[in-house]
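Notes follow once the structure below has been shown.
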Amino acid sequence: MKDTLGNDMKVKKYKTVQCALIQTVQRKACRIDGDVELIQANPNKVIKKDPIGSSSSFEHVSARALGDLQALSPQQLERTKSKPVPFPSDIEMVIRSTDNLKMAIRGAIQSHRQFVR
């Protein structure tokens, strides 16, 4: 079709697109709690008792899209690039926690250095 000046008439075309974004959050945590006790050798007696603890955590966010990807914003599209990953094993989580626990034990001992020979 032509307008009154003879130019081609342009008709806008609309398209309805839909997309569902399913986000998955993977979480796992490990906590180790205990006490550092300074014990006098003779007679057996607790001089000082300090609570200590350590934790480690794992978190991973991934997403998948169901539908037409054109409906997603650039931020949402970026999220779909991340896929689920395997959870760390229980042993790995405990090992991560022990590194912090060692530091806590060392700190408790150093803060009561006057009792340690």
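Descriptive notes on the structure:
- Non-local Lys pairs in the chain, i.e. 8 or more apart or on different chains, that have alpha carbons under 18 Å apart: 5
- Dipole magnitude for segment 4-117: computed about the Cα centre from +1 point charges on Lys and Arg Cβ and -1 point charges on Asp and Glu Cβ, it is near 200 debye.
- Which label in (1) -0.99, -1.21, -1.24; (2) -0.89, -1.09, -1.13; (3) -0.72, -1.20, -1.29 gives the computed log10 I(q)/I(0) by the Debye sum over Cα atoms at q = 0.16, 0.21, 0.22 Å⁻¹: (2)
- Ordering Asn44, Leu21, Val94 by the projection of their Cα atoms onto the charge dipole of segment 1-116, which places +1 on the Cβ of Lys and Arg and -1 on the Cβ of Asp and Glu, puts Leu21 at the extreme positive end.
- Take the Cα of Val11, step 7 Å toward its Cβ, do the same at Lys81, and the gap between the two points is 4.0 nm.
- Two-decimal log10 I(q)/I(0) for segment 23-86, as the Debye equation yields it once each C-alpha is a single scatterer, q = 0.14, 0.16, 0.23, 0.26 Å⁻¹: -0.62, -0.69, -0.94, -1.04
- Whole-percent carbon and sulfur share, accessible surface of segment 1-90, 1.4 Å: 52
- Estimated inter-spin distance, Thr24 and Met103, nm [label 7 Å along Cα→Cβ]: 3.2
- Label point distance in nm, Ala71-Val46, each placed 7 Å from Cα along Cα→Cβ: 6.1
The values are calculated or read from the model by the stated rules, or taken from the named source; none is laboratory data. Small disclaimer: the values here were computed from a predicted structure and weren't measured. Reconstructed Cβ throughout: ideal geometry from the backbone, glycine too, with neighbour counts over all protein chains shown. In case anyone asks, the SASA skips ligands and DNA or RNA and just uses the protein heavy atoms, side chains included. Shrake-Rupley method; radii C 1.70, N 1.55, O 1.52, S 1.80 Å.
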